[in-house]
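Worksheet for the structure shown next.
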Amino acid sequence: MEKTFLILIITFFLTQSLNGTEISGVPKIIDGDTLKINSKKIRLEGIDAPEMRQKCKKPFFKISAIISFQFNKNYSCGVVSKDKLKDKIQNSEIKCISLSKDRYKRFLATCFKDKVNLNKWMVRNGYAVAYKRYSKDYVRDEKHAKENMLGIWEGSFVIPEKWRKLN
C-alpha cells in the first residue's frame, strides 16, 4: 500500500512538472488497451493487448499417461482482454495520467481505478503483454503472468504487434 501511494505521489509530481494531463471519468472500453473518456481516446501506455479479431489457443483437454497429449482450441483472446478490463473497471470512474500522445493523437496514459494501476493489472494477469519497444515498466509483470500461465500465457498466441503486421 505504501508503494502504491508513493507511485501515485511521484506520478502526481511528474504530471505537474511535465504539464501532464489528468483525465477522469467512467470510460467506454474500446479494447484491452484502449478506452475513451468523454471525447478523449486513451491508449494504456506500456502495454499491448490482443486485437479484437485476434485468436489465441488454449488447452481444453489433456491426457497424461505414458505420453502426455493436449487438445487445444481457438478463442477470441482480444474479446477476452476487453471483457476483463471492462469487468475490472465495472462502470466506475477511473483516473488517467497522460504525459504525451501517440501518432494517432490518442493520450498515452497510465490509468487507475482507485489505487490499482490498470496497465499493470492487465499485464500481470495475462490479458496484455508488456510493450517492450516503448516501455520496460511492465516486464516483471509479464514474467509473472508467463510463469504462472495466466490469461494468454495459458496457451499459445502471436504477440499483438506481430499479429497486426501479419493481418
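Within the stretch 107-120, which residues are surrounded by fewer than 21 Cβ atoms within 10 Å (Cβ to Cβ) and outside any strand (DSSP E or B)? Spell out the reasoning first.
Going residue by residue through the stretch 107-120, those that are surrounded by fewer than 21 Cβ atoms within 10 Å (Cβ to Cβ) are 108, 113-116.
ASP114, LYS115 - these are the residues of the stretch 107-120 that are surrounded by fewer than 21 Cβ atoms within 10 Å (Cβ to Cβ) and outside any strand (DSSP E or B).
Assess whether LYS132 counts as being within 14 Å of ILE23 (Cβ to Cβ) and either of a type in the set (S, T, N, Q) or outside any helix (DSSP H, G or I) (or both).
On the way: within 14 Å of ILE23 (Cβ to Cβ): no; either of a type in the set (S, T, N, Q) or outside any helix (DSSP H, G or I) (or both): yes.
Judged against the criteria, LYS132 is not a match.
Which ones in the stretch 107-132 are basic (Lys, Arg) and under 8 Å from the mean Cα position of the chain (by Cα)?
Keep residues of the stretch 107-132 that are basic (Lys, Arg), which gives 113, 115, 120, 124, 132.
Hit for the stretch 107-132 is LYS120, nothing else.
Yes or no, residue by residue, for (1) farther than 14 Å from ASP48 by Cβ; (2) touching a strand residue (DSSP E or B) at 6+ places or on another chain (Cβ under 6 Å); (3) polar (S, T, N, Q):
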| residue | (1), (2), (3) |
| --- | --- |
| ARG103 | yes, no, no |
| LEU108 | no, yes, no |
| VAL116 | yes, no, no |
| ASN119 | no, yes, yes |
| VAL123 | no, yes, no |
| GLY126 | no, no, no |
| GLU147 | yes, no, no |
| SER156 | yes, yes, yes |
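Would you please name the residue that is nearest to ARG164 (Cα to Cα), looking only at residues in the stretch 40-64 that are modelled with pLDDT under 95 and surrounded by fewer than 15 Cβ atoms within 10 Å (Cβ to Cβ)?
PRO59
Of these, LYS58, LYS95, LYS73, LYS86, which one is in a helix (DSSP H, G or I) and either of a type outside the set (A, V, I, L, M) or under 18 Å from the mean Cα position of the chain (by Cα) (or both)? Break it down into steps so the answer makes sense when it comes.
Details: LYS58 fails: in a helix (DSSP H, G or I); LYS95 fails: in a helix (DSSP H, G or I); LYS73 fails: in a helix (DSSP H, G or I).
Just one listed residue meets the conditions, LYS86.
Out of all the residues in the stretch 108-126, is one or more small (Gly, Ala, Ser) and within 20 Å of SER24 (Cβ to Cβ)? Talk me through it step by step, then tell me what you get.
Filtering the stretch 108-126 down to residues small (Gly, Ala, Ser) leaves 109, 126.
Those left that are additionally within 20 Å of SER24 (Cβ to Cβ): 109.
Checking the stretch 108-126: at least one residue is small (Gly, Ala, Ser) and within 20 Å of SER24 (Cβ to Cβ).
The values are calculated or read from the model by the stated rules, or taken from the named source; none is laboratory data. The shown structure was predicted, so the numbers you read here are calculated from the model rather than taken from an experiment. In this analysis, Cβ positions are derived from the backbone assuming ideal geometry, glycine residues included, and neighbour counts consider all displayed protein chains.
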